[in-house]
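Presented below is the structure to which this report refers.
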Amino acid sequence: SVEAMKNAEFETKGKQEKTAEIKKLSAQIAGITNEKTKHEEHMQFCLRYKKFLDQLTPVGWFRETLCNIEIQRNADALERELLAREAAEEEDMENPVDPAVRQAQHDSAMAEITKKMEIDRAELKGKLDEIDDAAILAELNVMDPDIVPMFFQDPERILNHFMEIEENNLFLIQNCQETEESLEELKSKFNEAKAKMDEEAANLKSQIEHIKVKIGVEEGKKKLLMQRMAATKDARNQEELLHNINSKVLEIFKATGFGDNDANINTLGMLTKIETKLEELRNQIVGLPHEFVLMTMKAQEKERRQKARQKLLDEQRLQREERSQKALARSQAPVKKKVGKPVMWRSRPIDKKKAEVTTEADDGDMDDSEFFS
């Protein structure tokens with residue numbers, strides 16, 4: 001029983017030691033896990049910072065770095081082969097080589113390696129130019145960080161780069177503001193030009209409509225003239241009409257100061273001269289003072305009214321004289337006595353008013369008379 005108690009105490013003590021050891025190991029595992037979590041968070045922060053720096057790094061630098069790493073790998077491999085070959089030659093005791101000759105061979109081999117590196121660099125640059133930037137960056141991220149250098153080796157370089165970016169941003173902001181101002185100015189000019197062109201287009205449309213109306217009126221007059229010409233086929237009437245027109249034009253020709261038509265100018269020639277004279281007079285009137293023109297126009301209008309009034313008075317006087325002569329003739333005529341019973345009607349007949357019928361030719365003659373009067 002004593003031995004059993006000792007064994008139990010020994011096992012209990014061993015169990016307690018193992019429990020303490022387990023607790024200690026658990027505490028160490030928890031500490032290591034915390035450290036691992038901290039390091040992972042720090043690594044994630046570093047990766048984010050590295051990604052941020054990669055975004056600030058010029059794109060061409062990644063291609064140049066990858067090219068240098070590949071060239072350096074090839075050069076290291078060639079140097080290792082050269083060193084291994086030279087070590088094998090040194091161990092060969094049967095064919096010893098002079099150190100001077102060995103050094104010359106070494107220099108020649110290094111020169112060939114350098115030349116081959118330049119050739120490989122040119123070929124590798126041509127291949128890398130065909131690869132996407134994202135693929136080059138992914139390949140650099142896979143490589144050992146110890147052999148891939150960083151573009152920003154000095155914190156001052158990062159600050160200088162940020163200052164350059166800030167200056168560029170300020171320059172871009174200024175350019176953007178100037179561009180917006182120019183755009184607003186162009187928009188205002190465009191709106192003004194559009195409004196002006198719309199107004200001109202509306203005016204032109206109204207003028208077109210007005211001209212169309214005039215064309216319609218002239219077409220109607222042309223139609224009436226054609227109908228009159230068709231109605232007056234008699235050559236005598238046409239010759240008489242042309243003679244009347246020629247006489248009216250000749251009167252206007254004399255009134256405009258050209259005198260008698262000694263040169264026997266035809267009607268169209270006289271109308272051309274009259275039109276030229278009217279245009280000259282119009283230009284002269286435009287150059288005269290406005291007040292003088294108004295006064296002259298008023299005086300001419302007053303004189304015209306006086307002449308019209310005098311003409312009306314003369315016509316009335318002639319009509320009165322004519323009526324007086326008719327009344328005098330009736331009074332001096334012998335009295336006719338009615339013989340027999342006067343005819344009576346059963347009912348007074350209805351007075352019928354006769355409507356005056358005017359032809360289109362007569363209307364045209366009236367228009368011509370009004371024009372030439």
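The values are calculated or read from the model by the stated rules, or taken from the named source; none is laboratory data. Since the model is a prediction, treat every value here as computed from it, not as a measurement. Just the protein is used for accessible areas: all its heavy atoms, side chains included, with ligands, DNA and RNA removed. Shrake-Rupley method; radii C 1.70, N 1.55, O 1.52, S 1.80 Å.
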- Item | From phi via Karplus (6.51, -1.76, 1.60), per-residue ³J(HN,Hα) for region 163-173 in Hz, x at Gly/Pro | 5, 5, 5, 5, 4, 4, 5, 4, 5, 5, 4
- What is the log10 of I(q)/I(0) for region 261-308, computed with the Debye formula using one identical point scatterer on each Cα and no solvent, at q = 0.19, 0.20 Å⁻¹? -0.78, -0.80
- Query: So for region 155-225, what percent of the C-alpha to C-alpha distances run longer than 13 Å?
  - Reply: 79
- Rank these by accessible area, largest first, 1.4 Å probe: Met110, Met226. Met226, Met110
- Query: Tell me, in nm to one decimal, what length is gained between Met117 and Glu40 on full extension, where the rule is 0.36 nm per residue of separation less the Cα-Cα distance?
  - Reply: 23.8 nm
- Once the piece of chain linking Gln332 and Glu280 is laid out straight, how much longer is it, given 0.36 nm per residue of separation minus the C-alpha distance between them? 12.6 nm
- Calculated from backbone phi, Karplus (6.51, -1.76, 1.60) coupling profile of region 33-45 in Hz, x at Gly/Pro: 5, 5, 4, 4, 5, 4, 5, 5, 4, 5, 5, 4, 5
- Message: Can you give me the Kirkwood hydrodynamic radius for region 265-340, using every pair of distinct Cα atoms, in Å to one decimal?
- Response: 17.9
- Residues whose placed amide H lies under 5 Å from that of Phe151, excluding near-sequence neighbours: none
